[in-house]
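Note sheet for the following structure.
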Amino acid sequence: MIDRGELLRKLVLHGARLSLLAPLAGRLLGGIGAILMLHRINDDTPCGIGVNRHLTVTPSFLDAVLTEVRRMGFVFVSMDEAVDRLKSRSSRERFVAITADDGYRDNLTEALPVLERHGAPITIHVAPALTEGKVLLWWDLLEEIVSTRDVLYLSMPEGPAVFECDTPTARFRANTEIHNYLTERVAEEDQVQVVRSLARSCGIDPMVAGHAALMNWDELRRIAAHPLVTIGAHSVHHYNLRRLTQEKVMRELLDARAIIEMELGLTPRHMAYPYGYESAVGRREVELAREAGYASAVTTRHGLLQAEHAAHLQALPRISVNGRYQLVAHIGTMLSGITIPIANRGQRVVTV
């Protein structure tokens, strides 16, 4: 199955690199720093149909990326220092802060040794309900379900729906259609129950799939004690905040901090919006994150840090270290800034 969006993005990255415009763009668009976004870091062979492979990079690729970042003249900083530098504008050094979302176990076992070799701090954003198994990595579970069946039956309000899954193309289509149904028509609070029921109807234990990949509280306490690690919040339930009422959004933001503080004995100062794209975070969510007292909040929107972001600390963009683009040259191209206006309708300063 050809992912046309992925193919187009790769063509843009290759074209920008081979055009030799990236060095020029760096002087015009490079900004003052960047925030890298990670999820999983391991050598596991991708399973299923590959719809979630963007979430995983290998430790060797992470090591190569950090080596390239340093070669390009960036210094590694924590999110605390990144915020301080944005506020004060006291240093002309270009800097990189590293973040990881969800709290995967391989952040401890695989990523941390790489980070130690480079002296690179990381902020890990934790969603307590994911940690405790109260909600699931339903996007992973859905991929497993679709990958192991030739046909799926799903109850919808208008009646039963049948999804053929007997070819790679059919599986990809089924995954996309069910994913869209869950994210557009099912309430955030009900998504897990729909996927859990679907898994059980297929003989799959929903608690085994995905959740085992996450750190528990003991492991989070262990990694939180490391001098390179900062723990941030990722809401409580990893819901799309834009689909919730204002009151529920504030509860997600405040309760995440309270639970993490109770479990780990530290107060998160930084957060990442779940999903983080345009339909998941807007101006309302940014203002609520500011009201909740977070010193910074990051999206998943593609962008570098500019001096102007000092006024948008709760709407900071990131550069995805993406499993679909494991070529070090791509990271260098993105850090040059040449891809930012292409991805953001001409915008240089990316917020919401």
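With respect to ARG71, is the statement that it is farther than 30 Å from MET262 by Cβ and basic (Lys, Arg) true?
Answer is yes for this residue.
Looking at ILE331, is it more than 18 Å from the chain's Cα centre (by Cα), aliphatic (A, V, I, L, M) and either at pLDDT below 95 or not in a loop (DSSP other than H, G, I, E, B) (or both)?
Values: more than 18 Å from the chain's Cα centre (by Cα): no; aliphatic (A, V, I, L, M): yes; either at pLDDT below 95 or not in a loop (DSSP other than H, G, I, E, B) (or both): yes.
Judged against the criteria, ILE331 is not a match.
If I ask for residues that are of a type in the set (S, T, N, Q) and assigned to a helix (DSSP H, G or I), which ones from the range 224-266 would you list? Give the steps one after another, and end with the answer.
The initial filter retains those residues of the range 224-266 that are of a type in the set (S, T, N, Q), namely 230, 235, 240, 245-246.
Of everything in the range 224-266, just one residue is of a type in the set (S, T, N, Q) and assigned to a helix (DSSP H, G or I), namely GLN246.
Applying the selection to the range 60-75, what residues are open to solvent by 30 Å² or more (accessible area, probe 1.4 Å) and either touching a strand residue (DSSP E or B) at 6+ places or on another chain (Cβ under 8 Å) or free of Cβ contacts under 8 Å to residues at least 40 places away in the same chain (or both)?
Within the range 60-75, SER60, ARG70, ARG71, GLY73, VAL75 meet the criteria.
Name, by its number, the condition in (1) modelled with pLDDT of 65 or more; (2) surrounded by fewer than 21 Cβ atoms within 10 Å (Cβ to Cβ); (3) at negative phi that does not hold for VAL57.
The one condition VAL57 does not meet is (2).
Only residues that are over 20 Å from VAL135 (Cβ atoms), of a type outside the set (A, V, I, L, M), open to solvent by less than 80 Å² (accessible area, probe 1.4 Å) and more than 19 Å from the chain's Cα centre (by Cα): list them for the range 217-236, please.
Residue satisfying the conditions is HIS226 alone.
Taking only the range 295-319 into account, find how many residues are open to solvent by 10 Å² or more (accessible area, probe 1.4 Å), in contact with a helix residue (DSSP H, G or I) (Cβ under 6 Å, 6 or more places away or on another chain) and either in a helix (DSSP H, G or I) or more than 19 Å from ASP101 (Cβ to Cβ) (or both).
Residues in the range 295-319 being open to solvent by 10 Å² or more (accessible area, probe 1.4 Å), in contact with a helix residue (DSSP H, G or I) (Cβ under 6 Å, 6 or more places away or on another chain) and either in a helix (DSSP H, G or I) or more than 19 Å from ASP101 (Cβ to Cβ) (or both): 1 in total.
Only one of (1) at pLDDT below 95; (2) part of a loop (DSSP other than H, G, I, E, B); (3) not small (Gly, Ala, Ser) fails for PRO341. Which number is that?
Condition not satisfied by PRO341: (2).
Given the criterion within 26 Å of GLU263 (Cα to Cα) and assigned to a loop (DSSP other than H, G, I, E, B), identify the matching residue among ALA97, ALA129, ALA120, ALA111.
Testing whether each residue is within 26 Å of GLU263 (Cα to Cα) and assigned to a loop (DSSP other than H, G, I, E, B) leaves just ALA120.
Say whether the condition of being among the aliphatic types (A, V, I, L, M) and exposed (fewer than 12 other Cβ atoms within 10 Å of the Cβ) is met by at least one residue in the range 200-209.
Within the range 200-209, one or more residues are among the aliphatic types (A, V, I, L, M) and exposed (fewer than 12 other Cβ atoms within 10 Å of the Cβ).
Count, please, the residues in the range 76-104 that happen to be over 20 Å from PRO227 (Cβ atoms), touching a residue at least 12 places away in the same chain (Cβ under 8 Å) and touching a strand residue (DSSP E or B) at 6+ places or on another chain (Cβ under 9 Å).
Result for the range 76-104: 6.
Mind telling me which of the residues LEU152, LEU86 ends up being in contact with a His (Cβ under 6 Å, 6 or more places away or on another chain), farther than 21 Å from THR267 by Cα and buried (at least 16 other Cβ atoms within 10 Å of the Cβ)?
LEU86
Taking the range 237-275, which residues are closer than 25 Å to ILE223 by Cα, out of contact with any Lys or Arg (no Cβ under 7 Å at 6 or more places or on another chain) and open to solvent by less than 10 Å² (accessible area, probe 1.4 Å)?
LEU253, ALA256, ILE260, HIS270, MET271, ALA272, TYR273, PRO274
Give me the pairs, please: first residue somewhere in the range 138-161 and in contact (Cβ under 8 Å) with a residue 60 or more places away in the chain, second residue anywhere and open to solvent by 70 Å² or more (accessible area, probe 1.4 Å), beta-carbon distance under 9 Å, and either six or more positions apart or on two chains.
If the second residue must be open to solvent by 70 Å² or more (accessible area, probe 1.4 Å), the pairs left are GLU143/CYS47; GLU144/CYS47; SER147/CYS47.
Hey, among VAL51, VAL83, which residue is assigned to a loop (DSSP other than H, G, I, E, B) and within 21 Å of THR299 (Cα to Cα)?
That would be VAL51, the only listed residue that is assigned to a loop (DSSP other than H, G, I, E, B) and within 21 Å of THR299 (Cα to Cα).
The values are calculated or read from the model by the stated rules, or taken from the named source; none is laboratory data. Keep in mind that this is a model prediction, so the values were computed, not measured. Heads up, the Cβs are rebuilt from the backbone with ideal geometry, glycines too, and the neighbour counts pull from every protein chain shown. What goes into the accessible areas is simple: the full protein's heavy atoms, side chains included, and nothing from ligands, DNA or RNA. Shrake-Rupley method; radii C 1.70, N 1.55, O 1.52, S 1.80 Å.
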